[in-house]
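Below: one structure, written as structure tokens.
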Amino acid sequence: MFIKWIVCTVSEKQKEAFSRAQEAWSIIATADGFIGQIGGWNQHQPEQACILGLWQNIISYQTFMDKIHDTVTDNNAQEKTYSEIHVGLFHRVLDIIGEAPTLS
């Protein structure tokens, strides 16, 4: 599994616009190798939007970046809704037994 962790700093007045722009990412649901994405607002730092994306492997993630990512960002103008973005990329380190039916 390949994991993408995104943290954006969003002002209170931009939260609604950020959330609307985030909806445009639903298009990636059909991308080959995409497992799922979850996100929300950080309870301890309310100006932070946190998004966790899960991919089968780095190849499927890189294909998404090469073919889909820029089209979505060009169309949703989300970069205008946050002042900072930090992205972390990780390979699976440990399997945790259990199920998460909302991610499939």
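Results, tabulated for the structure shown:
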read-out	value
Fraction of accessible area attributable to carbon and sulfur, the chain (%, probe 1.4 Å)	55
Heavy-atom accessible area order for 99, 16, 84, largest first, 1.4 Å probe	99, 16, 84
Value of Rg to Rh for segment 57-104 (Rh from inverse mean 1/r over Cα pairs, i.e. Kirkwood)	1.06
Residues residue 84 and residue 59, FRET efficiency given R0 of 22 Å [Cβ-Cβ distance, rounded to 0.05]	0.15
Proximal lysines to residue 15, defined as alpha-carbon separation beneath 26 angstrom and excluding residues fewer than eight positions away on the same chain	4, 80
Environment charge of residue 13, counting only residues whose C-beta is closer than 15 Å and scoring Lys/Arg +1, Asp/Glu -1	0
Rounded to the nearest 20 debye, dipole of the chain from Cβ charges on Lys, Arg, Asp, Glu	60
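The values are calculated or read from the model by the stated rules, or taken from the named source; none is laboratory data. Keep in mind the model is a prediction, meaning the values are calculated, not measured. Here Cβ is always computed from backbone atoms with ideal geometry, including for glycine, and neighbour counts include all displayed protein chains. Ligands, DNA and RNA are stripped out before the accessible areas are found, and what is left, the full protein with its side chains, is counted by its heavy atoms. Shrake-Rupley method; radii C 1.70, N 1.55, O 1.52, S 1.80 Å.
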